[in-house]
Amino acid sequence: MPPKLDINKAGWEQSEFPILCETCLGDNPFIRMSKQEFGRSCGTCARPFTVFRWNPGSGMRFKTTVICQTCAKIKNVCQTCLLDLEYGLPTQVRDTALGFVNEAPTSDINREYYAQNMEGKLEGNKSGLDTGKAQSAGKEMLKQLARTDPYYKRNRPKICSFFVKGECARGSECPYRHEKPVDNELSHQNIQDRYHGRNDPVARKIMGAHAESQGLKPPEDPSITSLFLTSLSPDSTELSIRTQVLKSLPTVQPAELKSVVHVAKSRCAFINFKERNTCECAAGAWANGLEIDGERVAVKWGRSKASKPPAVVTSSLAVVS
């Protein structure tokens with residue numbers, strides 16, 4: 001019985017060609033690609049889908065698709081590396097810059113149901129992202145960070161585990177890399193965090209470097225959890241500032257925002273957060289400015305409060321003769 005006629009296989013995906021970025025396709029214009037229907041379950045929605053496998057070029061490792069096309073269209077990402085197809089950036093960087101809210105469920109119960117409903121809405125090559133209402137500051141940030149040229153170094157073979165143990169006897173004929181692995185946060189990545197745009201170490205590194213280049217290097221004092229906004233609109237109020245701040249930071253909960261101090265006479269405001277990590281995330285998202293009430297405001301780190309000098313206590317001693 002064909003899968004679409006079987007009620008238990010109605011949600012399974014069949015496709016003729018994968019959705020890939022230029023880097024994953026490789027520099028070889030002639031690629032031999034194998035196709036296996038329902039070869040594995042999707043790494044995000046767990047539905048069986050058509051798996052493609054190919055070699056992007058000489059000396060490169062074989063690559064395969066890890067998520068289904070429906071999930072790739074929802075986020076507009078590559079089925080293999082899970083990077084954005086337009087900018088070549090992690091989804092966390094793109095969603096933070098554009099202020100997108102992640103609506104895809106992460107629980108096992110709802111994600112397959114959500115993917116089946118979205119499959120009918122995303123017919124053809126339609127993407128699930130709408131960038132029309134995004135802020136111009138976020139779009140400008142993505143244009144500065146966009147990776148326009150393919151990065152084929154990402155297709156290199158993996159490190160030989162036997163070489164790490166000192167037991168590889170194949171020498172130069174070994175198809176894997178003979179290098180010592182580097183143990184840092186970039187080596188601990190997973191599909192779920194990359195796809196949903198949460199706790200992605202690559203995204204944190206990119207946004208942190210961009211914030212520093214825009215003069216928003218985090219101060220050394222860890223007690224500073226405030227950002228200073230200048231050049232506000234005369235019509236701005238504390239409520240409008242708070243609303244736009246939370247709207248531009250979809251991953252930040254309202255309870256994580258400690259307070260908003262608006263100085264209307266000086267057209268500036270202080271945004272105080274409860275945690276330093278949340279403040280650094282906001283600084284990375286607002287590296288190119290923040291639009292509030294039709295004006296693009298400048299963002300700077302707050303300053304630490306000047307410590308008061310210790311009080312000098314003088315005591316008089318009585319002399320008894």
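Structural remarks
- The protection proxy used here, the mean number of other Cβ atoms lying within 10 Å of each residue, ranks peptides 77-83, 41-47, 174-180 as follows, highest first: 77-83, 41-47, 174-180.
- 5 angstrom amide H check on ARG177, placed H, neighbours 5+ away: LYS158, ILE159, CYS160
- HN-Hα J in Hz across region 216-230 - Karplus 6.51, -1.76, 1.60, θ = phi - 60°, x for Gly and Pro: 10, 5, x, x, 6, 6, x, 7, 7, 10, 10, 10, 10, 9, 10
- Spatial offset of region 256-298 relative to region 212-242 amounts to 4 Å, using the alpha carbon center of each.
- Region 45-90: chymotrypsin sites (Phe, Trp or Tyr not before Pro) in DSSP loop, at most 15 other beta carbons within 10 Å: PHE62
- The phi-based Karplus calculation (6.51 cos²θ - 1.76 cosθ + 1.60; θ = phi - 60°) puts the 3J(HN,Hα) values of region 162-172 at 6, 5, 5, 7, x, 10, 6, 10, 8, x, 5 Hz, whole numbers, x for Gly and Pro.
- Model label sites at SER304 and PHE270, defined 7 Å from Cα along the beta-carbon direction, differ in position by 1.6 nm.
- Put simply, the amide H of LYS274, placed in the peptide plane, has neighbours under 5 Å in LYS258, leaving out anything fewer than 5 places away on its chain.
- The amide H of GLU291, built 1.01 Å from its N in the peptide plane, has VAL297 as neighbours under 5 Å, considering only residues 5 or more places off or on other chains.
- GLU37 paired with GLU212, simple spin-label distance in nm, labels 7 Å along Cα-to-beta-carbon: 5.2 nm
- VAL182 contributes about 100 Å² of solvent-accessible surface, heavy atoms of the protein only, 1.4 Å probe.
- Our coupling estimate for region 57-72, obtained by passing each phi through the Karplus curve with A = 6.51, B = -1.76, C = 1.60 and θ = phi - 60°, is x, 5, x, 9, 8, 5, 10, 9, 7, 10, 10, 7, 6, 4, 5, 5 Hz, Gly and Pro reported as x.
- GluC sites (Glu not before Pro) restricted to DSSP loop in region 232-299 with at most 13 other C-beta within 10 Å: GLU275
- Extended-chain gain in nm, criterion 0.36 nm per residue less alpha-carbon gap, SER223 and SER58: 54.3 nm
- Spin-label pair ASN184/THR230, simplified geometry with 7 Å Cα→Cβ offset, distance in nm: 3.3 nm
- Remark: the SER161-GLN14 segment gains 49.4 nm on full extension, using 0.36 nm per residue and subtracting the alpha carbon distance.
- Shape category assigned to region 167-268 from the gyration tensor of Cα positions, a/c cut at 1.5: prolate
The values are calculated or read from the model by the stated rules, or taken from the named source; none is laboratory data. Everything quoted here is computed from the prediction, not taken from an experiment. Because the Cβ atoms are built from the backbone with ideal geometry, glycine has one as well, and the counts that use them run over all protein chains shown. The protein model used for the area step is the full one, side chains on, heavy atoms only, and it has no ligands, DNA or RNA in it. Shrake-Rupley method; radii C 1.70, N 1.55, O 1.52, S 1.80 Å.
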